[in-house]
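The values are calculated or read from the model by the stated rules, or taken from the named source; none is laboratory data. Fair warning: this is a prediction, and the values are worked out from it, not measured in the lab. Heads up, the Cβs are rebuilt from the backbone with ideal geometry, glycines too, and the neighbour counts pull from every protein chain shown. Surface areas here come from the heavy atoms of the whole protein model, side chains and all, with no ligands, DNA or RNA. Shrake-Rupley method; radii C 1.70, N 1.55, O 1.52, S 1.80 Å.
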Amino acid sequence: MVKKKLLLFILVASAIAGNAQPVPSARQLKWQEMEFYLFAHFGPNTFTDLEWGKGTEHEEVFNPTQLDCGQWCRVAKAAGAKGIIITAKHHDGFCLWPSKFSTHTIAQSKWKDGKGDVLRELSDSCKKYGLKFGVYLSPWDRNHPKYGTPEYNDVYVNMMKEIVKNYGPLFEFWWDGANGEGPNGKKQIYDWHRFEENLRIIAPNTPVFSDIGPDIRWVGNENGIAGDPDWNLLDTAGFSRGAGSPPTDTLNHGNVNGANWIPAECDVSIRPGWFYHKNEDEKVKSPEELFQLYLKSVGRGASLLLNVPPDRRGMINEHDSLALVGFKKLRENSFGKPIAAKKISSINQNKYLVKLNKTAVINCIVLEEPTQFGQKIKTFSIQLKNKNAIVKELFGKTIGRKRIITFLPVEADSINLIITEAKPNALISGIEAYHIDQKLIEHQ
Ligand code: FUL
């Protein structure tokens, strides 16, 4: 009898374990809802026209003439972005806050007589404008005298603590995997384990980005393009950050049966470089180009981290703000009013039908999977019908948080969604149909 019970227990337990799929944590779910937010690369490079400062730049180099973080926030709001991540310290080691753990900071600059604090101004402005605030803190430091020694790991942990305590809460902490040489010619062995352990203690609700998470993964390119398919799952065993990370193709697509929930973030700059360079003013991406990136990032279930580097005044340049406002308008015009929308709650089936009120021209469908239960759908097809005849059939791979599908316009009166291959218990939570400006549709 006891034996029988034990067997039953083992069977049930293994069945549950077999079906157990990774799901997002509360902090990941909240972050994923943000969808689109800005990156601000700002520091000595802004003034020296470099992309990677050498670390030998004099602190006086940093001297914005009209720094206005309120203006950054107003632009971010006008763009419909939900937050801003700033390079608190880039590879050159210069700290945009008066850190006690470095002598290469704004406190040593002439800006505001050494009394300024960009992290203070930006975190306060974000609060004021209802935006979330996040931080990039480069572990690679070409200035710090301790870089290349075990004590530098203390410095890095102390800086994280200082930032979280003084400027938190943070909606994201961004770990760059770059690992070059420091001022003494040595490379640092980063104590990632300790960094992670500490960050979890001091900021348990802050999702952490790096090539391989733990919460958010790099998408494998700096072009703003997620893979198709795009799985929110990733296998990290045997991999490390930086040079030891999985192949970029794996980061781009994720792993269909990956052991961890680590969704992709698409980081891309609005300009060719990450920092502001005047000679790139004419090379700012157009609203239409940004819209294409939106389709290939958010529209594939990832998030979009768009870099908009402040200029030497300490303001977002007019070229960039114009493009951002245009980008917002295109999203509003496209997705403001669906032709048909169906929210579906917890019906577990593999066929869904949406009837349109009347026959309409459509060229875009948006699907949603309720990712709080995991990501299950591997392939699907959509039949667009008019008076019962199929007028178009579309095929797709993953869905995830959001999937935007565009195609040549057709007249239809109903939409049939068929889940053709999925893991157990696949669900759909939304189907919407739109007619967007045909010029915005690149491929059919
Ligand atoms: C890279 C850096 O080397 C670039 O300068 C930039 O900050 C980009 C977002 O990450 O690893």
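A few points about this structure:
- Pairs beyond 19 Å (Cα-Cα), from LYS89/LYS115; LYS77/LYS165; LYS351/LYS423: LYS77/LYS165
- Taking the three principal axes of the alpha carbon atoms in the range 180-225, the coordinate ranges are 36, 33, 13 Å, sorted in descending order.
- Relative contact order of the range 109-225, taken over Cα pairs closer than 8 Å and 6 or more residues apart, is 26 percent.
- Convex hull volume per residue in cubic angstrom - Cα atoms of the chain: 156 Å³
- Measuring nothing but how far apart in sequence close Cα pairs (under 8 Å, 6+ apart) lie, relative to its length, the chain scores a relative contact order of 15 percent.
- Normalised per residue, the accessible area of the range 372-428 is 42 Å², obtained with a 1.4 Å probe and no contribution from ligands, DNA or RNA.
- Overall size of the range 83-127 from C-alpha positions, given as principal axis extents largest first: 29, 24, 15 Å.
- As a ratio to 2.2 N^0.38 Å, the alpha-carbon radius of gyration for the range 208-356 is 1.24.
- Span-like helix criteria (full DSSP H runs; alpha carbon extent of at least 20 Å along the helix axis; mean Kyte-Doolittle hydropathy of at least 0.5) are satisfied in the chain by 2-19.
- Using the rule -39500 (n - 2.57) for each DSSP H run of four or more residues, divided by the residues of the chain, the 222 nm mean residue ellipticity is -8000 deg cm²/dmol.
- What the Cβ-Cβ distance of PHE239 and LYS30 gives, at R0 = 35 Å and to the nearest 0.05, is a FRET efficiency of 0.85.
- When only alpha carbons of the range 34-79 are considered, Rg and Dmax amount to 13.4, 38 Å.
- Our compactness index for the range 100-258, the C-alpha radius of gyration over the empirical 2.2 N^0.38 Å, is 1.14.
- Taking a ≥ b ≥ c as the square roots of the eigenvalues of the Cα gyration tensor, the range 181-289 is classed as oblate, since a/c reaches at least 1.5 and a/b does not exceed b/c.
- With q set to 0.15, 0.21, 0.23 Å⁻¹, the log10 of I(q)/I(0) for the range 338-440, from the Debye formula over equal scatterers at the Cα positions, is -0.56, -1.07, -1.25.
- Positive-end extreme of charge dipole, the chain - chosen from ALA422, TRP192, PRO204 (charges on Cβ): ALA422
- Under DSSP loop assignment and at most 14 Cβ neighbours within 10 Å, longest GluC sites (Glu not before Pro)-free interval of the chain: 223-441
- Computed with a 1.4 Å probe over protein heavy atoms only, the accessible surface of the range 21-335 comes to 38 Å² per residue.
- Expressed as a whole percent, the accessible surface of the chain that belongs to carbon and sulfur atoms is 54, based on a 1.4 Å probe.
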